[in-house]
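Data block below; observations after.
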Amino acid sequence: MDGQVRGGRPTHSSEWGQSTVEVAVAFPLLLMAALGLLQFALFYHAQNVVMGAVQDGARIAAAEDRTLDDGVAVAEALLNAGLGESAGAVTVWGIDGGDAVAIEARGSLRMIIPWVADATLPLWARSVVSKEGFRVGLSP
């Protein structure tokens, strides 16, 4: 009866060894896939935080009673709230173009993969919004 299956379990010891080798090969691949998915989710979140921060910052800077510095400050505050300590790697600045304002952010996100030293992913977003204001002489 050597090598036969009893109760759904193999009885031969070489079959147990084969299963152990299969698990030893499959586990690192599964772990790398899980880390890759986690890294992608973190990057996607960080990019959305940067994009939302510059959009809100530009909206604030374009308001009639606000300045470009107000918009940059709001964008930086949102980055700090959304990214935590990773926000220090993102720089925010604004451009006043007369009829419109632009808020731009550029930086990087460190990767979580332990065997890659100092690897980063780029973060970048820009938002341009027309300034609000009352224009004299315009009629329907």
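What follows is calculated from the coordinates using simple rules that are stated; it is not laboratory data. Note that the structure is a prediction, hence the values are computed from the model and not measured. Cβ placement follows ideal geometry from the backbone for every residue including glycine, while neighbour counts extend to all protein chains displayed.
Taking the Cα-to-Cβ direction at Met111 and at Trp93 and moving 7 Å from each Cα, how far apart do the two end points lie in nm?
Here the modelled spin labels are 2.8 nm apart.
Hey, can you grab everything whose amide H is under 5 Å from the amide H of Lys131? Only 5+ residues off in sequence or another chain; H modelled, so Pro and N-termini drop out.
Ala100, Val101
At a 10 angstrom cut-off on C-beta neighbours, averaged per residue, how do the peptides 76-85, 48-57, 21-30 rank from highest to lowest?
Order by mean packing, descending: 48-57, 76-85, 21-30.
Just to verify a number: FRET efficiency for Thr120 and Arg66, C-beta to C-beta distance, R0 = 30 Å, to 0.05?
Given R0 = 30 Å and the Cβ-Cβ separation, E is 0.35.
What is the set of long-range amide H partners of Leu109 at a cut-off below 5 Å, with H atoms built 1.01 Å from backbone N?
Under 5 Å from the amide H of Leu109: Leu121, Leu123.
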